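The structure appears below as structure tokens.
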Amino acid sequence: MIYYRDLLLVLLSKEFKVRYKSTFMGYAWSVLHPLMLAMIFSVFFRMFMRVPDYTLYLIAGLFPWQWIANTCTGATGYFLGNAGLIKKVRFHRSMLVLSSVFNDSIHFVCSLPVVLGFVWYYERTPQWSWLWLVPALIAVQAVMLVGVGLAIATCNLFFRDLERLTSLVVQMLFYLTPIVYQPDMLPPSYHWVLYANPFANLILCWHGVFYGGGVELLHLAAAAGWAIVLAAVGAGIYRAKVWRFAEIV
Amino acid sequence: MSREVAIRLQGVSKRYYLGTPVGDGLKHLLLHLPSQIKAIRQRKPFDALVDISFDVHRGECLSLIGRNGAGKSTTLGMIAGVLKPSAGTLETHGRISPLLELGAGFNQQLTGRENIMLNGVMLGLTRREVRERTAEIIAFSELEDFIDAPLRTYSSGMIVRLGFSVAVHLDPDILLVDEVLAVGDARFRQKCLERMKQFRSRGTTMVFVSHDVGTVAKISDRVAFLESGRLVEIGDPAKAIEAYQGRLRAA
Ligand SMILES: Nc1ncnc2c1ncn2[C@@H]1O[C@H](COP(=O)(O)OP(=O)(O)O)[C@@H](O)[C@H]1O
Ligand SMILES: [Mg+2]
């Protein structure tokens, strides 16, 4: 147990040092990027979107999305970027994915005070239920991203060109997720898109928390269901291929 | 010497598929789907190792010799547990050192000191245990002045020094060394050989790959001669080396 904790901690500190050179840069990115997007969208889309407190709506969706985008785009390098270790040392390779997702989740948690600042500015009252809802949503999102991360990281060892494809897909999913618009702006015949998109339900839940209106159990259940499916698929792909990692990396 | 088995290979084979067709990426695969599928179907298997069986006893030093491509590194990789045999069984007992071979066994971005911690923990020590050994590791490597510089600034000889120091200070039960001593300077090589001799007296098992038959003859209890993935000779160092040199002359 101590061993796994130490392995996780060491991999985490490696992540911090390698990816951002400094902890501060990583934090700044996970805060500044969604803030910047929120500013742009609220300036340009305010006219078309008749969403009350549109900026808060954007903030509530963009911050969790930043975590999703960070993990998905970083995932192509989780194994490929650790070729030396994979070729020479025997260890649980999935720890590389777990530590990276964990790392991104820490950045997300550290950015939450900024979100709370907006909540306070827009005079929403924090609820007691947040004490369990926020950790629950973080857990669901982390499980989802571990699955996605395992899948992307493994596939990229074989294909090597998934980096651009991944950012393209993430970019597309961004517009298929109700972040800049509200779900009821979609024509009803397109609502299935929301359920087919693993991240949409999750973002709806985050809206329910920070924008207000409460979390609908159906959305939470759909998000959790997707998390389980994605984790199972990711773990399946990883386990089918893990023994070949050292050969092809 | 006790006769406990540290490493046992039974009928181990390793098959690679040459020319992984998806190496050109998903885009290439999708754009050239028919020809790519044909390539996948027709890819040729290549047997890097065929039906290898041997035991290495605790405290023994076994050297592997053979020409380039004979399968020495593949054998070490399987003992290290990073490669999986295609057939046969392989068992090891005890903690195994990182595979010491040329090239980056470390993270290039991190400093020498950070790499010591990373490697130590990955091999199963706790952070505290690694911290306790760090001073000793640095002293042995003689890299005090560079230890806080990122690894990409190191020469290949320096990386070998660090790798060797880390590996021997982790108290491995099994030490795997693949041709790395060739790049160290003569004095450091001497130091490593001394250390390996000490290890043997303490009961550490070693598998050693080298082209330097002089060193091999000096440190090995037994020598295995591999050729094209087959075990030609295993046993008395002088005999195996003789067989190897005979083949070299014939070639
Ligand atoms: N990852 C790999 N994929 C395909 N072929 C490989 C791979 N690794 C080694 N081989 C092949 O297996 C054979 C044995 O290689 P290796 O064990 O590295 O030989 P040695 O260390 O004795 O020089 C070589 O012919 C090499 O081309
Ligand atoms: Mg080799």
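The values are calculated or read from the model by the stated rules, or taken from the named source; none is laboratory data. The model shown is predicted, which means the values in this text are computed figures rather than measured ones. Heads up, the Cβs are rebuilt from the backbone with ideal geometry, glycines too, and the neighbour counts pull from every protein chain shown.
Of all helices (runs of 4 or more DSSP H) completely enclosed by segment B:20-110, which ones contain at least 2 residues that are charged (D, E, K, R) and crowded, with 18+ Cβ neighbours inside 10 Å?
It comes to none.
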Can you confirm whether A:Ile138 is in a helix (DSSP H, G or I), touching a residue at least 60 places away in the same chain (Cβ under 8 Å) and of a type in the set (A, V, I, L, M, F, W, C)?
no
Quick check on B:Arg8: is it basic (Lys, Arg) and in a strand (DSSP E or B)?
yes
Consider segment A:154-199. How many of its residues are in a loop (DSSP other than H, G, I, E, B) and away from chain B (no Cβ under 14 Å)?
10
Out of (1) away from ligand 2 (no atom under 16 Å from the Cβ); (2) touching a helix residue (DSSP H, G or I) at 6+ places or on another chain (Cβ under 9 Å), what's the single condition that is false for B:Tyr16?
(1)
Among residues of segment B:166-224 being away from ligand 1 (no atom under 16 Å from the Cβ) and of a type in the set (Asp, Glu), the residue nearest to B:Gly94 (Cα to Cα) is B:Asp173
From B:Gly124, B:Gly157, which residue is surrounded by fewer than 21 Cβ atoms within 10 Å (Cβ to Cβ) and outside any helix (DSSP H, G or I)?
B:Gly124
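Listed here are the residues, each with its yes/no results for (1) at pLDDT below 95; (2) touching a Phe, Trp or Tyr at 6+ places or on another chain (Cβ under 8 Å); (3) away from chain A (no Cβ under 13 Å).
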site: B:Thr20; (1), (2), (3): yes, yes, no
site: B:Gly25; (1), (2), (3): yes, yes, no
site: B:Phe46; (1), (2), (3): yes, yes, no
site: B:Ile52; (1), (2), (3): no, no, yes
site: B:Ser86; (1), (2), (3): no, no, no
site: B:Thr89; (1), (2), (3): no, no, yes
site: B:Gln109; (1), (2), (3): yes, no, no
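Restricting to segment A:68-86, and then to whatever is among the β-branched types (Val, Ile, Thr) and not in a loop (DSSP other than H, G, I, E, B), can you tell me which residue is farthest from B:Gln108 (Cα to Cα)?
Here the residue is A:Ile68.
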State all residues of segment B:54-84 that are within 14 Å of another protein chain (Cβ to nearest Cβ) and either closer than 29 Å to B:Ala250 by Cβ or in contact (Cβ under 8 Å) with a residue 40 or more places away in the chain (or both); if no residue qualifies, say none.
B:Gly71, B:Ser73, B:Thr74, B:Thr75, B:Leu76, B:Gly77, B:Met78, B:Ile79, B:Ala80, B:Leu83
